[in-house]
Amino acid sequence: MDSMTFVLFGATGDLAKRKIYPALYNLFLDRKLPQSFSVIGLGRRALGDEVFQGNVEQSLREFSRRSVFDPSDLSAFISAFRYVPLDVTNPDDYRKLLQVVEKREQELNIPQNRMFYLSVAPEFFDTISLNINESGLGTGSGWKRLIIEKPFGHDLQSAQELNEKLSKAFQEEEIYRIDHYLGKPMVQNLEALVFANPVIGALWNNRHIANVQITASETVGVEERAGYYDQSGAIRDMFQNHMLQVLMMAAMNRPSRLNATEIREQKRSVLASLRDLPKSEVAGSIVRGQYGAGVVGGKEVPAYRDEPGIGASSLNDTFVAARLWIDEPQWEGVPFYIRTGKRIGAKSTRVVVEFKNTARDLYMTRNESTTPNLLVIEIGPNERVSFFLNGKDALNDGQIGTLNVDYSANLSNVPEAYERLIHDALRGDSTFFAHWNEVELAWKWVQPVLEAFQENQVPLQFYPAGSNGPEAADKLLAENGFKWWLDENKTALPEPLSV
Ligand SMILES: NC(=O)C1=CN([C@@H]2O[C@H](COP(=O)(O)OP(=O)(O)OC[C@H]3O[C@@H](n4cnc5c(N)ncnc54)[C@H](OP(=O)(O)O)[C@@H]3O)[C@@H](O)[C@H]2O)C=CC1
Ligand SMILES: O=C1O[C@H](COP(=O)(O)O)[C@@H](O)[C@H](O)[C@H]1O
C-alpha cells in the first residue's frame, strides 16, 4: 500500500473520536496501513501535538474494539499524529497546513499521496475542497483522494450544487462518499450470497420471489441530534442513502466482473429502473410516521415532540415505509418494501425475501398449510442468514411445519464498517462507496416525496414508541396480500420445528 498523509478535518469532533481513530488504530495493528504514514488532525481549537496525541490515545481506550494496548504499538501509532489549528474558511490556514504536510513528507521520506477526510459539518464540504485546491495541497506529485461524510446534500438541487463544486477540485474517481451501511459485512455479503450461490441466484427473479422487505428499525430516538434530525427526518437520514443502498445491493443484476466499475454500474441500473413516484401518488405508496410516548426496553420514553430541542408541533418523520417497483423484466410485479424508524420495539436491520408459495395447493388437498419460503438476511445487530423451509414434523403426525436452516456469523472481532471503508479508500478501491450517479438518482427518486411531505400531502401517522411503527405500514403490504415478516420477538416469523 502507498505511503501517504491522512489529513483529517474535524479531528476534535465526535466521529473522529468514536470511529476514525479506532479504525486507523485497528488497521495499524492488522498491518493494513502503509509502512510509513502521517496523520494531520485539524480543528479550530488551539491544541499542541502532545495534547492531541493524548486525546487520540484516550479515544482508542474508550472506543477501540480491542481492549489490550501494547505500549510499543500504541506509541508507534500515536507518534504519527500531528495537529494543526485551522479554520476551514481561512485560506491562510491551508497554506500553513501545506507547510506542515510537506515537512512531514520530507521527514518520513514519503511521496505526496494525500488522503483528505472531511469529518465536519456538510456546509463546509465545498469550502474545504476549494481551499485544498487553491492552496496547493491538492496539486502534489502523488495521488489525492477525498473521503466525505454524509449527508451529501439535503435535496436533489443542493446535492447537485455540492457535487458541481467538489468536481472543480476532485475527479469522481478521487471522491469516496461514505455510506457506513456499505461497510457492513452482511451488506457486502449480499452480492456473494446471490452471485456465488447458483442455488440462490437461480431463484433471484420474479418467477420465484413474491416480495422483498428491507427493514432498519432502531430503538433509539432523536438522541442529542435534534438540530440536525428535525430538518432531516428518516427520509433523508436513512432512506435516501442507507436503505436505497441496501436495495441496490439486493436487487442488482449479475456484474460481469467483481470490480468497482461493474458493481456500481449494476447498482446504478437498479435505481435508474425504479418506477418514478410522482408527487400526486406519494401518499399511496409511502407512509410517514412520528413516534409518540411509549415504552422501549422496559423504559418509558417521551414522544418525539417532547424531546429536547424539538418543537411541540414538529411534523418531522421519524418513520418511513415505502413500496417500490423496479421496472426491469427480472423484477416485474415484485414489490420491494422498505421501512425504517426510530423508537421501534427492537433494533434490527434485515432483508427478508419471501418466495412464492407454489406448494400451497398440493398440501391444501391434505388440509395442511405451507408457509412461504423465506430467506432472512440479518445485517445487524447480529449477522445471520436463515432459510425458513417447510418439512414434516415427526412430533406432530408428520404434518407440515417450518424448518429453519440457520447460519450465524461470529463477527465479534471482525473489522467494523469504518475500518473496512478507510482501508478500501487507502487502497483506492471505491466498490463500497456511493458513486455520484447513485446519489443523484437516489435524490431524484426521493425529491417528490420530500415535496409531498413538505406540503403535508402525506398524513403523519403517530405510533407509540416501542411498537412496530404505524398500522398504515402494515396496510401498505396488505394491499398486495402480504405482511411484514418480523423477528422472533415480534412473533411473525414462522415458528420453527423443534426437531
Ligand atoms: N458523529 C457521528 O456519529 C456521525 C457523524 N457523521 C458526519 O460526520 C461529520 C462530523 O460529525 P461529528 O464529528 O459528529 O461533528 P462534531 O460537531 O462532533 O465535530 C465537528 C468538527 O468540526 C470542526 N469544526 C467546526 N467548525 C470548524 C471550522 N470553522 N473550521 C475548522 N474546523 C471546524 C470541529 O472542531 P473545532 O470545534 O475544534 O473547530 C470538530 O472537530 C458530519 O458531516 C456528520 O454528519 C456521519 C455519521 C455519523
Ligand atoms: O447514519 C445513521 O445511521 C444510524 C443507524 O446506523 P446503524 O449502523 O446503527 O444501523 C442512525 O441511528 C442515524 O440516525 C443515522 O444518521
Can you pull out the residues in the stretch 111-135 that are more than 11 Å from ligand 1 (Cβ to nearest atom) and open to solvent by less than 30 Å² (accessible area, probe 1.4 Å)? N113, R114, M115, F116, S129, I132, S135
Given (1) surrounded by fewer than 16 Cβ atoms within 10 Å (Cβ to Cβ); (2) without any contact (Cβ under 8 Å) to a residue 24 or more places away in the chain, identify the lone condition not met by F387. (1)
Residue under evaluation F152, criteria (1) under 21 Å from L247 (Cβ atoms); (2) more than 13 Å from ligand 2 (Cβ to nearest atom), criterion not met: (2)
Residue list for the stretch 164-214, restricted to those being open to solvent by less than 40 Å² (accessible area, probe 1.4 Å), of a type in the set (F, W, Y) and more than 16 Å from ligand 2 (Cβ to nearest atom): F170, Y176, W204
Identify the residue in the stretch 321-340 that is assigned to a strand (DSSP E or B) and over 19 Å from V187 (Cβ atoms) and, among all such residues, is most open to solvent (accessible area, probe 1.4 Å). W325
What pairs come up if the first residue lies in the stretch 221-248 and is touching a residue at least 12 places away in the same chain (Cβ under 8 Å) and of a type in the set (S, T, Y), the second is within 12 Å of ligand 2 (Cβ to nearest atom) and part of a helix (DSSP H, G or I), and their beta carbons are under 9 Å apart, counting only those six or more places apart or on different chains? Y229/D237
Out of all the residues in the stretch 341-399, which are among the polar types (S, T, N, Q), within 16 Å of ligand 2 (Cβ to nearest atom) and assigned to a loop (DSSP other than H, G, I, E, B)? N382
Can you find, within the stretch 1-27, the residue that is nearest to P71 (Cα to Cα) among those that are among the polar types (S, T, N, Q) and either in contact with a Lys or Arg (Cβ under 9 Å, 6 or more places away or on another chain) or within 16 Å of ligand 2 (Cβ to nearest atom) (or both)? N26
Check the stretch 397-419 and report whether any residue there is more than 22 Å from Q240 (Cβ to Cβ), open to solvent by less than 20 Å² (accessible area, probe 1.4 Å) and touching a Phe, Trp or Tyr at 6+ places or on another chain (Cβ under 6 Å). yes
Condition (residue is hydrophobic (A, V, I, L, M, F, W, C) and open to solvent by less than 10 Å² (accessible area, probe 1.4 Å)) applied to the stretch 310-319: is it met by at least one residue? yes
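The values are calculated or read from the model by the stated rules, or taken from the named source; none is laboratory data. The shown structure was predicted, so the numbers you read here are calculated from the model rather than taken from an experiment. Here Cβ is always computed from backbone atoms with ideal geometry, including for glycine, and neighbour counts include all displayed protein chains. With ligands, DNA and RNA removed, areas are computed over all heavy atoms of the protein, side chains included. Shrake-Rupley method; radii C 1.70, N 1.55, O 1.52, S 1.80 Å.
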